[in-house]
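Every read-out reported here was derived from the displayed coordinates using simple, explicitly stated rules and does not represent laboratory data. Please read all numbers here as calculations on a predicted model, not as lab measurements. Heads up, the Cβs are rebuilt from the backbone with ideal geometry, glycines too, and the neighbour counts pull from every protein chain shown.
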Amino acid sequence: MWTRAALAYPASFWMTTVGNMAASGMDFVVIAVIFLHTSALGGWTLPQVAFLYGTSGLTLGLADMLVGSMDTLGERVRDGSMDTTLVRPVPALAQQAADRFALRRLGRIAQAGTVLTWSLVHLDLAWSPAKVLVFASLVVCGTVIFGSVFVGGAAFQFVMADASEVQSSFTYGGMTMLQYPPTVFAKDLVRGTVFGVPLAFVNWLPSLYLLDRPDPLGLPGWFRFASPIAALLSAVAAGLLWRAGVRAYRSTGS
């Protein structure tokens, strides 16, 4: 329904989509400007950083398009419209994810995909079946991890209805952090993205294998291939948080 509504005004839809694509592209312009003054950032070249940028933007964009509407849950809790969602014969999670579905978010995905393609062309990677599998896993698992953060953050809004910005700090803020090499951040922060909120498994750790980079934390080698495990654990945790949030919901009382 939301897709049909968006496409009812084609000119408006394409203008918004292209506008989102251009706005997202400004982040990469900032990175490109940095490389006008240096040949490497934290030991990473521009094509390597572009790979990080493209993979983080692509996975966040896919998750945002699929479940990005979860960040509006706090509004539903405040106005009591969550009650309507719970009495329908459709899972509340699916309804909230589909609410105000915005196809225009394809602009972010297209822009990130363009940068990612450019980086792959300039990296000239020695592809093997294992690397192809890890790359495919990166896209799928990164999307699941970001989607889990969206859902887990939304569940927190059952308790703190005005906590959408906290969620955004881990989703959009996490994407911005993952656009840069882990070597430019403090090691304690990088450890937090490995053993805390597992954002490092979105692209940092798989990229170490794909780009033949050394691990700044000296983690066991199998961590580079552990994105499916991190994605599974993230999805399970998000599901449990969502279930607990729904059970704790008591409407507005009005």
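Our helix-only sum for the chain, with -39,500 (n - 2.57) per DSSP H run of n ≥ 4 divided by its residues, gives a mean residue ellipticity at 222 nm of -22000 deg cm²/dmol. Counting neighbouring beta carbons within 10 Å and listing from fewest to most, the residues His37, His122 come out as His37, His122. Along its principal axes, the range 84-140 has C-alpha extents of 53, 26, 8 angstrom, given from the largest down. Full extension of the chain between Phe35 and Asp215 yields a length gain of 62.5 nm, computed as 0.36 nm times the residue separation minus the alpha carbon distance. Of the trypsin sites (Lys or Arg not before Pro) found in the range 46-103, those in coil by DSSP whose Cβ has at most 12 other Cβ atoms within 10 Å are Arg100.
Taking 0.36 nm per residue of sequence separation and subtracting the Cα-Cα distance, how much length would be gained by fully extending the chain between Ala98 and Arg243, in nm to one decimal? Can you show the working numbers first?
Details: separation 145, 0.36 × 145 = 52.20 nm, distance 1.79 nm.
Between Ala98 and Arg243, full extension yields 50.4 nm more.
Largest first, the extents of the alpha carbon coordinates of the chain on the three principal axes equal 60, 46, 34 Å.
What fraction, in whole percent, of alpha-carbon pairs in the range 135-254 exceed 26 Å separation?
Tail fraction, whole percent: 24.
Span-like helix check, the chain: qualifying full DSSP H segments, with Cα axial length of 15 Å or more and mean Kyte-Doolittle of -1.0 or more, are 10-34, 46-67, 106-123, 129-156, 164-178, 227-248.
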